[in-house]
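Encoded as structure tokens, the structure appears first; notes follow it.
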Amino acid sequence: MRRAQRSRQETLTLRRQLIGSSCKLFYPNDPLKIVKARGQYMYDENGRQYLDCINNVAHVGHCHPDVVKAAHEQNQLLNTNSRYLHDNLTDYAERLSEKLPEKLCTFYFLNSGSEANDLALRMARQFTKHEDVIVLDHAYHGHLTSLIDISPYKFRNLEGQKEWVHVAPVPDTYRGLYREDHEDPATAYATEVKNIIERAHKKGREIAAFFAESLPSVGGQIIPPEGYFQKVAEHVHKAGGVFVADEIQVGFGRVGKHFWAFQLQGEEFIPDIVTMGKPIGNGHPIACVATTKEIAEAFAATGVEYFNTFGGNPVSCAIGLAVLDVIEKEQLQIHATEVGNFLMKLLTEQKVKHPIIGDVRGSGLFIGVDLIKDQAKRTPATEEAEYLITRLKEEYILLSTDGPGRNVLKFKPPMCFTMEDAKFVVDTIDKLLTDMEKEHMNQEKTSTGST
């Protein structure tokens, strides 16, 4: 028997009582109670509709009926582990193989992006017989201990950097070491990785892997300069390491032009290992590692079985297949390009109008808006970004921030996000920024008058 729905305050009180305080809420001063979602919209307990601009997990739209149906129908037949033969597992692996470069032809299914990245790390070390890992600054690759160790975003607030971890600068051409005026930022940033490898070798250390999100998300919605990954891969392969592309945030057509974000670097670039999660199951816990036969065979050579109780179960694979079907049937990759280009155009127009917008960058429906205090120093407008996010929520728009300065507005909406949604969001941002600028001018006048 279902209990009566609690009030928002009752739910909040129980959460504070029962759930660990390190599990944070959006809008902690006035959290939302969300009870339903469909498409690109979420609904609170009073039926108020919010436009979701950040939920890249609900990739093809919240509660998509085709995905829900696939889960329900398979749940009525069978759900068990992958030690039995089942067509869903092989069908799903086959469908994914058709989306990837030919050499990435061996698959492992898991339940979360963290599990996928942990397995990729194990594979890299087993294949190379090396230990050390190079990661990008401010990267986040998961919540397991092994991944906290390779996530500067986390370990800098905990026990610090391990000896076997090496941090390379984020290839950010807006506020990084090598900016938009540099003649060849891809080579310059890749040379930083080469220098890290050389310093590691001088200490007697060997590189197992270079780990990178194909588009750094927590780092601030970064678009690496084209050619960067190819040059890094050359240095890493020469050192005996492998290249791991973390597609957990950005895969499955989000970038529009390509199905995988690593393909933005050029068709000739192919990682050695690709990890997937989040959007792969549209909210259902699925993840995957794709790699080469050579790496998979080296991993199997230990004689130790890899078994994941729920990884690759029939229900998860049915859901994964349904997500792929929806992406193709509804042409969501093309849609991401069209809507993303429109949203970028609207935001770029706002950049001309509002000096607080320092940069607009992105691909498809992965877009960042970098808010700054001044054009010269590009100082992150952290407080202003937080205020804007809070005000947007009051206008029934859910958006959030990322980046080291928490000043980059991040757009990663469900892929069914429309041009009408884009215009509504940008019009609202325009109105709020205009109000903020007027308020700032009034404060300056008041301050000047009082002196």
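Of the residues screened, ILE248 is one that is under 16 Å from ALA120 (Cβ atoms), assigned to a loop (DSSP other than H, G, I, E, B) and in contact (Cβ under 8 Å) with a residue 12 or more places away in the chain. If only residues of segment 11-55 that are aromatic (Phe, Trp, Tyr) and in contact (Cβ under 8 Å) with a residue 40 or more places away in the chain are counted, the one that is nearest to THR428 (Cα to Cα) is TYR50. Just one of the listed residues (ILE273, ILE207) is at pLDDT 95 or above and either under 24 Å from the mean Cα position of the chain (by Cα) or in the same structural domain as PHE417 (by TED's automatic domain parsing) (or both), and it is ILE273. Considering only segment 291-311, I want to know if a residue exists there that is assigned by TED's automatic domain parsing to the domain that holds LYS129, touching a residue at least 60 places away in the same chain (Cβ under 8 Å) and within 14 Å of the chain's Cα centre (by Cα). Checking segment 291-311: not a single residue is assigned by TED's automatic domain parsing to the domain that holds LYS129, touching a residue at least 60 places away in the same chain (Cβ under 8 Å) and within 14 Å of the chain's Cα centre (by Cα). Only a single criterion out of (1) open to solvent by less than 60 Å² (accessible area, probe 1.4 Å); (2) of a type in the set (Phe, Trp, Tyr); (3) over 26 Å from GLY219 (Cβ atoms) is not satisfied by TYR396, namely (1).
Scanning segment 185-228 for residues that are open to solvent by less than 20 Å² (accessible area, probe 1.4 Å), closer than 28 Å to HIS143 by Cα and assigned to a helix (DSSP H, G or I) turns up TYR189, ALA190, VAL193, ILE196, ILE197, ALA200, TYR228.
Given the conditions (1) at pLDDT 95 or above; (2) open to solvent by 40 Å² or more (accessible area, probe 1.4 Å); (3) outside the structural domain of PHE259 (by TED's automatic domain parsing), report the number of the one that CYS53 does not fulfil. Exception for CYS53: condition (2). Scanning segment 1-10 for residues that are assigned to a loop (DSSP other than H, G, I, E, B) and free of Cβ contacts under 8 Å to residues at least 40 places away in the same chain turns up MET1, ARG2, ARG3, ALA4, ARG6, SER7.
Any residue in segment 58-73 that's closer than 22 Å to ALA336 by Cα: show its pairings with residues that are in a helix (DSSP H, G or I) and open to solvent by 60 Å² or more (accessible area, probe 1.4 Å) at Cβ separation under 7 Å, as long as the two are six or more apart or on different chains. Correct list of pairs: ASP66/ASP325.
In segment 281-316, which residues are open to solvent by less than 60 Å² (accessible area, probe 1.4 Å) and at positive phi? Lay out the reasoning, then the answer.
Of all residues in segment 281-316, those open to solvent by less than 60 Å² (accessible area, probe 1.4 Å) come to 281-284, 286-292, 295-296, 298-299, 308, 311-316.
Of everything in segment 281-316, those that are open to solvent by less than 60 Å² (accessible area, probe 1.4 Å) and at positive phi turn out to be ASN282, GLY283, GLY312.
Only one entry of PRO404, PRO413 meets the criterion of being in contact with a His (Cβ under 7 Å, 6 or more places away or on another chain) and buried (at least 17 other Cβ atoms within 10 Å of the Cβ), and that entry is PRO404. If you go through segment 229-280 and keep only what is of a type in the set (D, E, K, R), out of contact with any Phe, Trp or Tyr (no Cβ under 6 Å at 6 or more places or on another chain) and open to solvent by 10 Å² or more (accessible area, probe 1.4 Å), you end up with LYS231, GLU234, LYS238, LYS257, GLU267, GLU268, LYS278.
Taking the conditions exactly as written (in the same structural domain as ILE367 (by TED's automatic domain parsing), touching a Ser or Thr at 6+ places or on another chain (Cβ under 9 Å) and either touching a residue at least 40 places away in the same chain (Cβ under 8 Å) or exposed (fewer than 13 other Cβ atoms within 10 Å of the Cβ) (or both)), does ASN88 satisfy them or not? So ASN88 fails the test. Checked against (1) open to solvent by less than 50 Å² (accessible area, probe 1.4 Å); (2) more than 21 Å from GLU247 (Cβ to Cβ), GLU73 passes all but condition (1).
All of ASP374, ASP325 fail the test of being assigned by TED's automatic domain parsing to the domain that holds GLY277 and surrounded by fewer than 17 Cβ atoms within 10 Å (Cβ to Cβ), apart from ASP325. Taking residues in segment 328-347 that are at pLDDT 95 or above and surrounded by 15 or more Cβ atoms within 10 Å (Cβ to Cβ), and partners anywhere that are assigned to a loop (DSSP other than H, G, I, E, B) and of a type in the set (Phe, Trp, Tyr), the pairs with Cβ atoms closer than 7 Å and at least 6 places apart or on different chains are GLN333/PHE259; VAL339/PHE417.
Pairing each residue of segment 109-137 that is assigned by TED's automatic domain parsing to the domain that holds LYS154 with any residue that is open to solvent by 20 Å² or more (accessible area, probe 1.4 Å) and aliphatic (A, V, I, L, M), provided the two are 6+ apart or on different chains, yields C-beta distances under 7 Å for SER114/LEU144; ASP118/LEU144; GLN126/ALA298; PHE127/ALA298; VAL135/VAL167; LEU136/VAL170; ASP137/VAL167; ASP137/VAL170. Residues considered: ARG199, ARG179. Of these, the only one that is more than 18 Å from ARG361 (Cα to Cα) and of a type outside the set (A, V, I, L, M, F, W, C) is ARG199.
The values are calculated or read from the model by the stated rules, or taken from the named source; none is laboratory data. These numbers come from a predicted model, not from an experiment. Here the Cβ is made from the backbone with ideal geometry for all residues, glycine too, and neighbour counts use every protein chain on show. With ligands, DNA and RNA removed, areas are computed over all heavy atoms of the protein, side chains included. Shrake-Rupley method; radii C 1.70, N 1.55, O 1.52, S 1.80 Å.
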